[in-house]
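*Asks:* Sharing a structure, written as structure tokens. Questions coming.
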Amino acid sequence: MSPRGLVIDAPLFTTVISQLGRRGGGQRESGAFLLSSRPQGTQSNDTADWPVVIALAYYDDLDPTCLTGGITFGADGYAALNALCRKDALRVVGDIHTHPRTWVSQSRTDASHPMAALDGHIALIAPNYAIGAITPAELGAHVFHPAGWTSYFGADVAAVLRVSGHPGTAALAFRRLRATAAQVRRVITFRRKP
């Protein structure tokens, strides 16, 4: 039986990666809670029943002093998160934070102090402080269970995270289109010369 996972659409995935990179400035960790309106209690492992991430709550919006190089998220941040979730009928289904370089395993601090210690909570880790284009396969995905964590890397991340309209596919198509347009311009330019 496969674990419960998350679904996030490509534009929201691109937004969260871009915002984390901007907020961390390429020099410090940053993060966000992944929020869904899907009601609690669905236990199916079918990807059609996975919660869909529809909103984000950035750590530093909830707790303005939390980005200290690492992340020191305090009680005031959790109170603000709780107020947001109650007001907008949302719930936390996961979180994402950044690490320096390409290392996306959990640190001892990450593993010992989950942002939400709920069975099935998914903690994603983005490499390189989320600077540049990052694909889902470059993330580390870590699923919390009371007995410990289960981690996924590379192509295995797809077992717990589905990005609809995968941005890598769109980026590849755009690069191919741009290359074709450049070839057409060269042909047109070549033909115009006497």
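Every number here is computed from the coordinates shown, using simple stated rules; none is lab data. All values reported here derive from a predicted model rather than from experimental measurement. Methodologically, a virtual Cβ is constructed for each residue, glycine included, from the backbone with ideal geometry; neighbour enumeration extends over all protein chains shown.
*Asks:* Using a basic spin-label model with each label point 7 Å from the Cα along Cα→Cβ, how many nm lie between residue 49 and residue 78?
*Replies:* 3.0 nm
*Asks:* Got a sec to turn the phi values of segment 57-62 into Karplus ³J(HN,Hα) couplings, 6.51 cos²θ - 1.76 cosθ + 1.60 with θ = phi - 60°, whole Hz, x for Gly and Pro?
*Replies:* 10, 6, 3, 6, 6, 7
*Asks:* Just subtract the alpha-carbon distance of residue 119 and residue 105 from 0.36 nm times their residue separation and send over the number in nm, one decimal.
*Replies:* 3.1 nm
*Asks:* With no solvent and one equal point scatterer placed on each C-alpha of segment 9-135, evaluate the Debye formula and give log10 I(q)/I(0) for q = 0.15 Å⁻¹, two decimals.
*Replies:* Debye output, listed in q order: -0.69.
*Asks:* Enumerate the amide H contacts of residue 31 below 5 Å, restricted to partners 5 or more residues apart or on another chain; note that Pro and chain-start residues carry no placed amide H.
*Replies:* Under 5 Å from the amide H of residue 31: 59, 60.
*Asks:* Check residue 6: other-chain or 5+ apart residues with amide H under 5 Å from its amide H, H built from backbone geometry?
*Replies:* Amide H neighbours of residue 6: 161, 162.
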